[in-house]
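Written below as structure tokens is the structure these notes are about.
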Amino acid sequence: MDDYLSIAIPKGTLYKDTIRVLREAGLNVDELETDSRKLFFVNEEDRVKYIICRPTDIPTFVEYGAADLGFVGKDTIVEQNKDVYELLDLKYGACRFVVAVPEKTAQDGQWEQMTHARVATKFPRVAQNYFAAEGKQMEIIKLHGNIELAPLVGLSEMIVDIVSTGRTLRENNLVAVAEIFKSTARLIANRVSHRLKNNRINPLIGQLKEVVGKLND
Ligand SMILES: Nc1ncnc2c1ncn2[C@@H]1O[C@H](COP(=O)(O)OP(=O)(O)OP(=O)(O)O)[C@@H](O)[C@H]1O
Ligand SMILES: O=P(O)(O)OC[C@H]1O[C@H](OP(=O)(O)OP(=O)(O)O)[C@H](O)[C@@H]1O
């Protein structure tokens, strides 16, 4: 194990806020702000390696130790249930897991009687656990995106998905009928790195805590 700290950064929705908190925590992230297609950067001065990943792959990189640390949504952590250590709630990337149904189904209360409906989702474990706890045996249909499409075209009766502003649901005539849990971005660590690189990781956690505290004042 070398003395570099490797950090997995999610592309997409969480990218900008992640870069921002790292910069404010004192790291030089200039290279990550260029319009580049490079997926791996090394900053020799900070002795940090940056790995640019798909958000859903972050827990895998961290679990295997390809990255010591990762930034990822709580939704993804819960869904994947990997053997990683959750260190910090970063507060940004706020969204909610909901069950949503077509407006009409919500209005006539039909969805509450449904015990064997089809549920489209990107998060089968979350959906399965939720409905099991409700005593409902739904058929979970795994999709990889644009989940809101499923009820519109008859693929499913309902969906389990994350909602932030609610715009996507509204524009597709869907209504949230139950909240499963709230999610924000988290800092996760590989279990071995967390022990062996604590001299690098602990100061960064301290800095990040301060940054997150300030951003939420
Ligand atoms: N609309 C949103 N508002 C706030 N946070 C969101 C929103 N959508 C997603 N997130 C958060 O950002 C994380 C990454 O979402 P993003 O849409 O960038 O990637 P993805 O398409 O889900 O991942 P992948 O490309 O690996 O399938 C989510 O897991 C969630 O925590
Ligand atoms: O409430 P809103 O602010 O409209 O945001 C919610 C949307 O954001 C996420 O989609 P994402 O952009 O991750 O795309 P995806 O459908 O491919 O997962 C989520 O799956 C919703 O579709």
**Prompt:** Relative to the Cα centre, what is the charge dipole magnitude of region 95-182, using +1 at the beta carbon of each Lys and Arg, -1 at the beta carbon of each Asp and Glu, and rounding to the nearest 20 debye?
**Reply:** 320 debye
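How much of the DSSP beta bridge set in region 95-182 is antiparallel, as a percent to the nearest 5? Intermediate results must be reported in sequence, preceding the final value.
Values: 12 of 19 bridges.
Of the beta bridges lying entirely in region 95-182, close to 65 percent run antiparallel.
Sort 174-181, 149-156 for me by packing, meaning the mean count of neighbouring Cβ atoms within 10 Å per residue, highest on top.
Numbers: 174-181: 16.9, 149-156: 15.2.
With the highest mean Cβ count within 10 Å placed first, the list reads 174-181, 149-156.
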**Request:** List the relative contact order of region 95-182 as a percent without decimals, with contacts defined as Cα pairs under 8 Å and 6+ residues apart.
**Result:** 49 percent
**Request:** For Lys136, go through the lysines and keep the ones whose alpha-carbon is under 23 Å away, minus same-chain ones fewer than eight residues off.
**Result:** Lys104, Lys122, Lys182
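So if I place +1 on the C-beta of Lys and Arg and -1 on the C-beta of Asp and Glu, and nothing else carries charge, what would the dipole magnitude of the chain be about its Cα centre? I want it in debye, nearest 20.
Dipole size: approximately 160 debye.
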**Prompt:** Which residue, chosen from Tyr4, Thr56, Val119, occupies the Cα position most advanced towards the positive end of the dipole of the chain, where the dipole is computed from +1 (Lys, Arg) and -1 (Asp, Glu) charges on Cβ about the Cα centre?
**Reply:** Tyr4
**Message:** To the nearest 20 Debye, how big is the dipole of region 1-110 about its Cα centre, given +1 on the beta carbon of each Lys and Arg and -1 on that of each Asp and Glu?
**Reply:** 400 debye
**Message:** Probe of 1.4 angstrom, ligands and nucleic acids ignored: what's the accessible area per residue over region 95-182, in square angstrom?
**Reply:** 55 Å²
**Message:** Please list, by residue number, every one of the trypsin sites (Lys or Arg not before Pro) in region 161-217 that is coil in DSSP and has at most 12 other beta-carbon atoms within 10 Å.
**Reply:** none
**Request:** In whole Hz, with x marking every Gly and Pro, tabulate ³J(HN,Hα) for region 67-81 from phi via Karplus 6.51 cos²θ - 1.76 cosθ + 1.60, θ = phi - 60°.
**Result:** 10, 6, 10, x, 10, 7, x, 4, 4, 5, 4, 5, 4, 8, 6
**Prompt:** Counting DSSP beta bridges in the chain, what percent are antiparallel, to the nearest 5?
**Reply:** 65 percent
**Prompt:** How far is helix 124-133 tilted off the main Cα axis of the chain, in degrees rounded to 10, range 0 to 90?
**Reply:** 50 degrees
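Given N residues in the chain, what is Rg(Cα) / (2.2 N^0.38 Å)? Don't skip to the end; give the middle numbers.
Working: Rg = 19.4 Å, N = 217, 2.2 N^0.38 = 17.0 Å.
The chain yields a ratio of 1.14.
Rounded to the nearest percent, how much of the accessible area of the chain (1.4 Å probe, protein heavy atoms only) is carbon and sulfur?
Values: 5440 of 11610 Å².
Answer for the chain is 47 percent, counting heavy atoms of protein chains only.
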**Asked** Remind me, what semi-axes does region 20-113 give for its equivalent ellipsoid, largest first in whole Å, using sqrt of 5 times each Cα gyration tensor eigenvalue?
**Response** 36, 16, 13
**Message:** Tell me which GluC sites (Glu not before Pro) from region 17-75 have a DSSP coil assignment and no more than 15 other beta carbons within 10 Å of their own.
**Reply:** Glu44, Glu45
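Would you work out the relative contact order for the chain, in percent, from Cα pairs under 8 angstrom that are 6 or more residues apart? Walk me through the numbers before you get to the answer.
Numbers: 400 pairs, mean separation 62.0, N = 217.
It comes to 29 percent, rounded to a whole number.
The values are calculated or read from the model by the stated rules, or taken from the named source; none is laboratory data. The shown structure was predicted, so the numbers you read here are calculated from the model rather than taken from an experiment. As a convention, Cβ positions derive from the backbone with ideal geometry for all residues, glycine included, and neighbour counts pool all protein chains shown. The accessibility values were calculated without ligands, DNA or RNA, using every heavy atom of the protein model including side chains. Shrake-Rupley method; radii C 1.70, N 1.55, O 1.52, S 1.80 Å.
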